[in-house]
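Visitor: Please see the structure below; I have some questions.
The values are calculated or read from the model by the stated rules, or taken from the named source; none is laboratory data. The model shown is predicted, which means the values in this text are computed figures rather than measured ones. Please note: Cβ atoms are built from the backbone with ideal geometry, for glycine as well, and neighbour counts cover all protein chains shown.
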Amino acid sequence: MPPTPSPTRSAPWLPRLLLAAWLGLLAAPCRAMLPPDAFRFEHWSLPVRVVMPHGVVVRHDMVVSITRLRRLPARSAPFLVLLHGRPAGAAARVRMGRVELPGNAAYFASLGYVVAVPTRVGYGVTGGPDLEDSGACDDEHFAASVGPLVQETAQLVAALARLPQVDPARGVVVGNSFGGLGAIAIASRDLPGVVAAINFSGGDGGSVRYHLDHPCQPWRLQRVYARYGATNRLPTLWLYSANDRLWGPRNPARWFRAFAAAGGRGRYVELPADKNNGHFIFDRNRLDWRAAVLAFLRRHGLPDRVRVAPRARRAQTAGGSAPGGIR
């Protein structure tokens, strides 16, 4: 059994306050709404072990934010892992704090999923070395940079499978930006319990400051996606805005075609242009992607409707023990 570090905690009112604000934004796209006190929040510190390409082993505690409905029958709920992106620069990665993605986490939890949002090693409150650096623009190593994300997610999935409410045979990985690339990498592996993956704006090597629409070495990333397609067996959904300024108007479709031509299972959806840069559509325009995501979940026998749950007495925030002595 791994060591049990001290739990991470937050002010009890904070998740409820954030969720109440986000549920107001959710009310328009959802016909049925759950009250904020129908949700339970937990924060874990999960020990993870990552083997780097050169053989060095990194051990670190990864902070994970959990959002779920308070009342779920045993072994009834699929799990859903939300993977964050990668901001440019060390200072920006530190400023991420504890990644919670409260609006989207609450949205998927309202459908009946146990939602886990890891703050991966090298980011925010988790800290530690930057394991996902892909190198200089003229010498990117995309597959190597995604490897730590895959390993950390695999260990998180194993922990989620031990929760009493979770159905360990039904899980979804959803990633945004660099996390979207990670979701496709995970879909190319045989990760127990993961049955589908959703890629929002996935890629690497882009910059809104230095080279809009022209990411570093997109042809090399195209080869990586083809490699993932060759070993992919899970259904995937690829969602990119028409004006994604990190990747440009043509690269995302090229990446998907390379993935599919190699044997990958997937559907590509071009979302409408969103404001001045559609790369951020996952966080700021759920109305434009909700229908495609729900149709995908429905097609693969996964929950796609807001759950009706009895009103709880009050919201709970916990930093208590997770399964297997993890806190």
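Visitor: Inspect all residues belonging to segment 200-218 and state whether any of them is hydrophobic (A, V, I, L, M, F, W, C), farther than 16 Å from C137 by Cβ and part of a strand (DSSP E or B).
Guide: Yes, there is a match, as at least one residue in segment 200-218 is hydrophobic (A, V, I, L, M, F, W, C), farther than 16 Å from C137 by Cβ and part of a strand (DSSP E or B).
Visitor: Would it be correct to say that V174 is within 16 Å of R86 (Cα to Cα), surrounded by fewer than 24 Cβ atoms within 10 Å (Cβ to Cβ) and hydrophobic (A, V, I, L, M, F, W, C)?
Guide: Here the answer is no, as V174 does not meet what is asked.
Visitor: Report yes if some residue within segment 192-210 is within 17 Å of G122 (Cβ to Cβ), among the acidic types (D, E) and either modelled with pLDDT of 95 or more or surrounded by 24 or more Cβ atoms within 10 Å (Cβ to Cβ) (or both); otherwise report no.
Guide: yes
Visitor: Given the criterion surrounded by fewer than 17 Cβ atoms within 10 Å (Cβ to Cβ), small (G, A, S) and under 22 Å from the mean Cα position of the chain (by Cα), identify the matching residue among A230, A242.
Guide: Unique residue meeting the criteria: A242.
Visitor: Identify all residues within segment 101-138 that are more than 13 Å from the chain's Cα centre (by Cα) and β-branched (V, I, T); write none if there are none.
Guide: V121, V125, T126
Visitor: I'd like the residue in segment 147-160 that is aliphatic (A, V, I, L, M) and more than 13 Å from the chain's Cα centre (by Cα) and, out of all such residues, is surrounded by the fewest Cβ atoms within 10 Å (Cβ to Cβ).
Guide: My answer is A158.
Visitor: Starting from segment 59-81, keep only residues that are on the phi > 0 side of the Ramachandran plot, then list their pairs with residues that are surrounded by fewer than 24 Cβ atoms within 10 Å (Cβ to Cβ) whose Cβ atoms are within a distance under 9 Å, requiring at least 6 positions of separation or different chains.
Guide: Going by the 9 Å Cβ cut-off, the qualifying pairs are R75/P164; R75/Q165; R75/D167; R75/P168.
Visitor: Among the numbered criteria (1) among the hydrophobic types (A, V, I, L, M, F, W, C); (2) under 19 Å from the mean Cα position of the chain (by Cα); (3) surrounded by fewer than 18 Cβ atoms within 10 Å (Cβ to Cβ), which single criterion is violated by A261?
Guide: The number of the failed condition is (2).
Visitor: Still on this structure: Of all the residues that make up segment 52-80, how many are under 21 Å from the mean Cα position of the chain (by Cα), more than 23 Å from G301 (Cβ to Cβ) and hydrophobic (A, V, I, L, M, F, W, C)?
Guide: Here the count works out to 4.
Visitor: Pull out all pairs, ordered by first then second residue, where Cβ-Cβ is under 6 Å, the residues are six or more apart or on different chains, the first lies in segment 205-233 and is more than 19 Å from E132 (Cβ to Cβ), and the second is at pLDDT 95 or above and not in a loop (DSSP other than H, G, I, E, B).
Guide: Cβ pairs passing all conditions: Q222/R254; Q222/W255; Q222/A258; A226/A258; G229/F259; N232/A187.
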